[in-house]
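Here is the structure we will look at.
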Amino acid sequence: MQPVVHCNRCNKRRALRTRYLRYVVQDGKAKDLAMRLQWATHRGGNGYGALNQDTDEYRAMVDYPLNVF
C-alpha cells in the first residue's frame, strides 16, 4: 500500500493504494500454480489536471512455472 502524497505549497493531493490476494496450489497436477487478484485505486486531488480523476483498476493474474530443460 502506498501512502497519500501531499504538496502543501501547491495545494495538490493524491492517494495511491494497491491490494491483492494470492493463492498457490500446493500439490496435484496444478502444483505451484499461482492465482492473484489485484485491486488498485488512484484518488486525485486539486491541481493534477488530467490525473485529477478517480480510477479503480482490477486485475486477475495466473502464473504457472514451466520446466523447459
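Collect the residues in the range 3-32 that are at pLDDT 75 or above and under 20 Å from the mean Cα position of the chain (by Cα), keeping them in residue-number order.
Passing the criteria: A15, L16, R17, T18, R19, Y20, L21, R22, Y23, V24.
Considering the range 33-55 alone, what residues qualify as being of a type in the set (S, T, N, Q) and either modelled with pLDDT of 70 or more or assigned to a strand (DSSP E or B) (or both)? Walk me through it before giving the result.
Of the residues in the range 33-55, the ones of a type in the set (S, T, N, Q) are 38, 41, 46, 52-53, 55.
Across the range 33-55, the qualifying residues are Q38, T41, Q53, T55.
The values are calculated or read from the model by the stated rules, or taken from the named source; none is laboratory data. This one's a predicted model, so the numbers in the text were calculated from it and none came from an experiment.
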